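**Q** Can you keep this structure in mind? I'll have questions shortly.
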Amino acid sequence: MDPFEIREIQAKTILSKSTLKDADYDYSCNPYTGCRFACVYCYASFMSRMIGKKTGDWGHFVYPKINAPELLDKEVKKLKNNGKGKTIWFSSVTDPYQGIEMKYRLTEKCLEVLVKNDFQGTVSFLTKSDLILRDIKLLKQLHNVEVGMTITSTDDSISRYFEKYAPPVSERLKALRILNDENINTYAFVGPLLPHFVSSPDKLEKLFQSLYETGTRELYVEFLNLSPYIKGRLRKELKDMDENIWKTFYESQSKQFRRELGEKVHELIKRFGFTLRMQKTLFHDEMK
């Protein structure tokens, strides 16, 4: 196992206002700085530079914000009407249910704070971990909650290749099914769309079929974005990847490639009756 740094820190604030023009949340809550899942395509690796590290260090450190629940208790009390009409998203630049949550339980404690303060808005989660099932009882005590699970493949070996230390995708699909059985609103985040789906549409169809079978009916879909720092990180982490696959990765940035893949996505969404959030397949061009 590679070197891994854990350092407990005191945060100054925990609710961050959204600065994205198309964001469908008002505040993000990140109980940790860094993420041990070490996904090689992760856009959040830019956060490494914010704390004096290199983007290549992403996945090798996690700093628990040990005062996160106390800060949230103070900050949520300042929201008008107990936050009615507002959305808090866990999390924008970390995974709230990465493995270290088993020890620190910061996400769980933040949930307890929101329940205690009778938060009236929506609490939205995005994770790659079935650990969220631990908190089902708390989720059910919230007025409005939704859980998103990132699913980029149906193949555990592929998910392990790109999402090093995240739970296997098979466990995530099971978690979605359980959440739906518990009548908790869910969505799947299919992002990034791995480029091989253009040449292997059957695998994309299998992905959508698997999501449909969990009972999930809403999706976000996002194209891969090879910003310079992500490209450099991919090259470092996947140095043994076949050059033909690299060629496909680079081609995936063209409008023609995205149009072809987007057509396949929309065809499958229509066939299975999914709702596509944001009404489009996302591509964050400003990251380039």
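**Q** In this structure, is Asn82 open to solvent by 30 Å² or more (accessible area, probe 1.4 Å) and modelled with pLDDT of 95 or more?
**A** Yes, satisfied.
**Q** Would you check which residues across region 58-73 are open to solvent by less than 50 Å² (accessible area, probe 1.4 Å) and free of Cβ contacts under 8 Å to residues at least 40 places away in the same chain and list them?
**A** none
**Q** Further question on the same structure: Can you run down the residue pairs with Cβ atoms below 6 Å, 6 or more apart or on separate chains, where the first is in region 231-259 and within 14 Å of Leu194 (Cα to Cα) and hydroxyl-bearing (Ser, Thr, Tyr) and the partner is open to solvent by less than 100 Å² (accessible area, probe 1.4 Å) and assigned to a helix (DSSP H, G or I)?
**A** Cβ pairs passing all conditions: Thr248/Pro195; Ser252/Pro195.
**Q** I would also like to ask the following. Ile184 versus (1) on the phi < 0 side of the Ramachandran plot; (2) free of Cβ contacts under 8 Å to residues at least 40 places away in the same chain; (3) over 15 Å from the mean Cα position of the chain (by Cα): which is the lone unmet condition?
**A** Every listed condition holds for Ile184 apart from (2).
**Q** Please return the ranges of helices (runs of 4 or more DSSP H) entirely within region 201-288 where 1 or more residues are surrounded by fewer than 15 Cβ atoms within 10 Å (Cβ to Cβ), in contact with a Pro (Cβ under 8 Å, 6 or more places away or on another chain) and among the acidic types (Asp, Glu).
**A** Answer list for region 201-288: 243-251.
**Q** Sticking with this structure for a sec: Answer with yes or no whether Leu133 is free of Cβ contacts under 8 Å to residues at least 40 places away in the same chain and surrounded by fewer than 23 Cβ atoms within 10 Å (Cβ to Cβ).
**A** So Leu133 fails the test.
**Q** Here's another thing I want to ask about it. Given Ser170, Ser92, Ser159, which one is without any contact (Cβ under 8 Å) to a residue 40 or more places away in the chain, hydroxyl-bearing (Ser, Thr, Tyr) and surrounded by fewer than 23 Cβ atoms within 10 Å (Cβ to Cβ)?
**A** Ser170
The values are calculated or read from the model by the stated rules, or taken from the named source; none is laboratory data. All of these numbers come straight from a predicted model, not from anything done at the bench. Positions of Cβ are generated from backbone atoms using ideal geometry, with glycine treated the same way; all protein chains shown enter the neighbour counts. These area figures cover heavy atoms from the full protein model, side chains too; ligands, DNA and RNA do not enter into them. Shrake-Rupley method; radii C 1.70, N 1.55, O 1.52, S 1.80 Å.
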